[in-house]
1. Which of the listed residues, 41, 13, 54, is farthest toward the dipole's positive end in the chain, when Lys, Arg count +1 and Asp, Glu count -1 at the beta-carbon?
2. Taking the Cα centre as origin and putting +1 on Lys and Arg beta-carbons and -1 on Asp and Glu beta-carbons, what dipole magnitude results for segment 2-58, to the nearest 20 debye?
3. So for the chain, considering every pair of alpha-carbon atoms, how many percent are separated by more than 13 Å?
4. Neighbouring Cβ atoms within 10 Å as the yardstick, rank 40, 35 fewest first.
5. Which angle between 0 and 90 degrees, to the nearest 10, do you get for helix 41-58 versus the longest principal axis of the chain when only C-alpha atoms count?
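Every read-out reported here was derived from the displayed coordinates using simple, explicitly stated rules and does not represent laboratory data. Being a predicted model, the structure only gives us computed values, none of them experimental. Cβ coordinates were reconstructed from backbone atoms using ideal geometry, including for glycine residues, and neighbour counts include every protein chain displayed.
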Amino acid sequence: MSRYYRYRLPPWARQCLFVIEKAMAPLLVYQLLRTIILPTTLDVFLLGVFVFLYIAFYLEWF
């Protein structure tokens, strides 16, 4: 059921979801490099959020 949920959204919301989905991989790589170079608590937290979002988009939870 969740697979077809994104297609019931308004066109502008669906477009925002697609843009976020496409931008997630470069953001994840950038945050990973930043966390490796200078690991702060905020960087580790953001990396965890980005990993969760990337997996959620990959498995089409959103």
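1. So the residue furthest toward the plus end is 13.
2. On the way: 6 positive and 2 negative charges, 67 e Å.
Result for segment 2-58 is approximately 320 debye, rounded to the nearest 20.
3. Working: 1218 of 1891 pairs.
That tail contains 64 percent of the Cα-Cα pairs.
4. On the way: 40 10, 35 18.
The most exposed by this proxy come first: 40, 35.
5. On a 0 to 90 degree scale, this one is about 30.
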